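The block underneath contains the structure these notes are about, expressed in structure tokens.
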Amino acid sequence: MSERSPLVIPPLLRDAARAVILSLAVGVLGIFFVLGTRQLIVEAAAVENLSFHDIVPTPIEIYHAWQQYESLLLEKHIPTTMWETLAGLSIAIVLGVAIAALMDFSRLLRWILYPILVVSQTIPIFAIAILLILVFGFGSGPKITVVVMFCFFPVALNTFAGLQSADPELLSLLRAMGASSVQTWTKVRLPAAMPSFFGGLRIAATYSVVGAIFGEYITAQYGLGVFLKRSYSSFRIDQAYVAIIATAVLSLLLVLIVNGVERLALRWYYTSRRGGWRGPGIY
């Protein structure tokens, strides 16, 4: 009895189906873009007596607000936010790298942890933050945990993708030379994952300050989130912009620090991009 030959789709039909699907995706994107933009314009036009000054205060007003609260911001609010940011980001880095390594070492753990990792990002952080207050109280614990929840996902996902992108030829070479799994991981997989790790860390660094402020906005005594909340409550837009600018500056500083550490740690990577060298070596 002869076996049935598999169904072969002609290349022309396959290309046509791909073009139709891509066209539909672009069309849906365009429709939502037009409708969303139109909605924004209609609602903005419906607001009466709205001037540019109502939205953006002058630089002089922002500077005067900074002078008024300079000592409080530098002594209380900014240090509190930075402590929560750096503590949460550090925990997120350790957890993210550990989870990525576990998923890379074991296919079973990958099958278990990867869906949990994805589902964890669908949980509303606002609701979790309220529960964290019941567990940790009103101290820094809930804010640090919120920062971890914001940051560990990009670190874990990018690091895991980097570990999976290791050069198969180098892996085969090391196995042929009798290298153990640990040696293979440390000499090939880990160096290959470092550029992706720093890419995820850059994303996490930008999220970290926002995560701390988000936690402070719910409940706290000090922090930029508290300062921002009080500014909005008192309708002081100039004070709110002081907090917004301070947040942007802190996030930018963290990203610059990550870039500097990356340059120092991955000198072989940037040398390879200029001179053609492809890796740190396996010895």
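Summing Cβ point charges (Lys, Arg +1; Asp, Glu -1) relative to the Cα centre of segment 127-279 gives a dipole of roughly 300 debye. In the chain, the calculated helix contribution to ellipticity at 222 nm averages -26500 deg cm²/dmol per residue, counting -39,500 (n - 2.57) for every DSSP H run with n ≥ 4.
Using the alpha-carbon atoms, what tilt in degrees (0 to 90, nearest 10) does helix 237-265 show relative to the longest principal axis of the chain? It works out to around 30 degrees.
The angle between the Cα long axis of helix 11-46 and the main principal axis of the chain comes to about 0°, on a 0 to 90 degree scale. In units of the rule-of-thumb radius 2.2 N^0.38 Å, the chain shows an alpha carbon radius of gyration of 1.33. When only Cα pairs below 8 angstrom with a gap of at least 6 residues are kept, segment 80-229 shows a relative contact order of 34 percent.
Of the peptides 63-75, 131-143, 212-224, the order by per-residue mean of other Cβ atoms within 10 Å, starting with the highest, comes out as 212-224, 131-143, 63-75.
Measuring between their Cα centroids, segment 242-271 and segment 58-137 lie 17 Å from each other. Each of residue 68 and residue 43 was given a label point 7 Å from its Cα along the Cα-to-Cβ line. The distance between the two points is 2.9 nm. Over segment 31-148, with every protein chain in place, what whole percent of the accessible area is carbon and sulfur at 1.4 Å, could you tell me? Solvent-exposed carbon and sulfur of segment 31-148 make up 74 percent of the total.
Equivalent ellipsoid of segment 166-247: semi-axes from √(5λ) of the C-alpha gyration tensor, largest first, are 50, 11, 6 Å. With only the Cα atoms considered, segment 40-190 has a convex hull volume of 229 Å³ per residue. Ranking 204, 156, 218 by Cα position along the charge dipole of segment 156-233, where only Lys, Arg, Asp and Glu carry charges on their C-beta atoms, puts 218 farthest toward the positive end. Under the simplified labelling scheme, the residue 177-residue 121 pair shows an inter-label distance of 3.6 nm, with each label point 7 Å from Cα along Cα→Cβ.
When only the Cβ of Lys, Arg, Asp and Glu is charged (+1, +1, -1, -1), the dipole of the chain relative to its Cα centre reaches about 1060 debye.
The values are calculated or read from the model by the stated rules, or taken from the named source; none is laboratory data. As the structure is a computational prediction, the values presented were derived from the model and not from experiment. All Cβ positions, glycine included, derive from the backbone under ideal geometry; neighbour counts span all protein chains shown. Quick note on the areas: whole protein, heavy atoms, side chains included, nothing else; ligands and nucleic acids left out. Shrake-Rupley method; radii C 1.70, N 1.55, O 1.52, S 1.80 Å.
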